[in-house]
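See structure below.
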Amino acid sequence: MSSETGKLLIGVGILILLGGVLIYFFHDKLNWIGHLPGDIRIERKHFRFYFPFTTMILLSLVLTLIVNIIKRLF
């Protein structure tokens, strides 16, 4: 392993820590996640299907932005 791998693991660990702190302190204000327009939800009597399409796209864009910022810093 190289020092670059160590830096990457530290960066990922910091992101996971920040995500955990964000969810811990602001969980009551983040209830809109998963309920955005475009998220597919089908509920029947004995069947429930949920596909958070818009939430996944938004999460992908945010994570891509964060990874690109981290790559430029290191």
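A short reminder: the numbers here are calculations on the coordinates, not readings from a lab. Since the model is a prediction, treat every value here as computed from it, not as a measurement. We place every Cβ from the backbone using ideal geometry, glycine too, and count neighbours over all the protein chains shown.
Side notes on the structure shown:
- Between the C-alpha center of region 1-25 and that of region 47-72 there is a gap of 17 Å.
- Distance in nm between pseudo-label sites at S3 and V21 (7 Å out along the Cβ direction from Cα): 2.6
- Residues of region 9-39 with an amide N closer than 13 Å to a point placed 7 Å from the Cα of T55 along the Cα-to-Cβ direction: 30-39.
- Panel values: region 32-74, Kirkwood radius from alpha carbon pairs, Stokes-Einstein at 25 °C and 0.890 mPa s, translational diffusion coefficient 202 µm²/s.
- Dipole moment magnitude, nearest 20 debye, the chain about Cα centre, only Lys, Arg, Asp, Glu C-beta charged: 160
- Against the empirical 2.2 N^0.38 Å (N residues), the chain has a Cα radius of gyration ratio of 1.49.
- Farthest toward positive dipole pole in the chain [+1 Lys/Arg, -1 Asp/Glu at C-beta], among F47, V62, I23: F47
- Between 0 and 90°, nearest 10: helix 53-73 axis offset from the chain longest Cα axis: 10
- Environment charge of V12, counting only residues whose C-beta is closer than 15 Å and scoring Lys/Arg +1, Asp/Glu -1: +1
- Bridging of K7 to lysines at a Cα separation below 18 Å is possible for K71, once same-chain residues fewer than 8 apart are set aside.
- Local electrostatic count at L65 - Lys and Arg +1, Asp and Glu -1, tallied over other residues with Cβ under 12 Å: +2
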